[in-house]
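Computed from the coordinates by the stated procedures, all read-outs in this text should not be read as laboratory data. Please read all numbers here as calculations on a predicted model, not as lab measurements. Note: ideal-geometry Cβ built from the backbone for every residue, glycine included; neighbour counts use all protein chains shown.
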Amino acid sequence: DGRPKYMDLKMPWDIHVNSPEEIAGIRKAARAAREVLDIAGQAVKPGMTTDEIDELVHSECVKRGGYPSPLNYNGFPKSVCTSINEVICHGIPCTQTKLKEGDMLNIDVTVYLDGFHGDCS
């Protein structure tokens with residue numbers, strides 16, 4: 001149903017313990033996120049826009065049967081967060097900014113797959 005499991009807990013000290021099946025689902029989502037991150041990282045080159053990275057990440061998430069978690073989360077307009085140089089985190093990909101040789105780039109990928117989120121950066 002998409003609701004976080006903690007929403008069903010009665011008291012703050014109630015802790016949900018994941019079943020072996022849930023742990024397997026978490027691992028599957030995390031593995032998919034890592035695969036997508038690796039592909040995105042290998043594709044980066046000077047002259048590329050962060051929007052091109054976003055398109056690649058979106059298609060790779062979908063290829064794995066998942067959905068990019070950031071897309072439409074609280075209005076976030078893209079499938080990945082890309083942060084260049086002094087942008088600390090959660091940068092929004094765009095078509096105007098082209099990567100330059102020497103830029104520091106963080107790519108933050110989160111994949112929703114079979115009820116679980118896999119997140120890596």
- Task: Of the options H16, T49, T97, report the single residue whose Cα projects farthest towards the positive end of the charge dipole of the stretch 1-107 (beta-carbon charges: Lys, Arg +1; Asp, Glu -1).
- Result: H16
- Message: For the ranges 26-32, 43-49, what's the packing order if you count other beta-carbon atoms within 10 Å of each residue, average per peptide, and put the highest first?
- Response: 26-32, 43-49
- Output the direction-averaged projected area (hull surface divided by four) of the convex hull of the alpha-carbon atoms of the chain, in nm². 8.7
- Taking a straight Cα-to-Cα line shorter than 13 Å from K28, and setting aside same-chain aspartates and glutamates fewer than 8 residues away, one finds D114, D119
- Query: Between Q96 and H117, what is the FRET efficiency for a Förster distance of 30 Å, r being their Cβ-Cβ separation, to the nearest 0.05?
  - Reply: 0.50
- Taking the Cα-to-Cβ direction at V17 and at V44 and moving 7 Å from each Cα, how far apart do the two end points lie in nm? 4.0
- How would you order 85-94, 66-75, 108-117, 16-25 from highest to lowest mean count of nearby Cβ atoms within 10 Å? 108-117, 66-75, 85-94, 16-25
- Where a ≥ b ≥ c are root eigenvalues of the Cα gyration tensor, a/c under 1.5 meaning rounded, otherwise prolate if a/b exceeds b/c and oblate otherwise, the stretch 33-89 counts as oblate
- Tilt, helix 50-63 to longest principal axis of the chain (alpha-carbon atoms), in degrees rounded to tens, equals 40
- Please work out how much length the chain gains when fully extended from D103 to R27, using 0.36 nm per residue of separation minus the C-alpha to C-alpha distance, in nm with one decimal. 24.2 nm
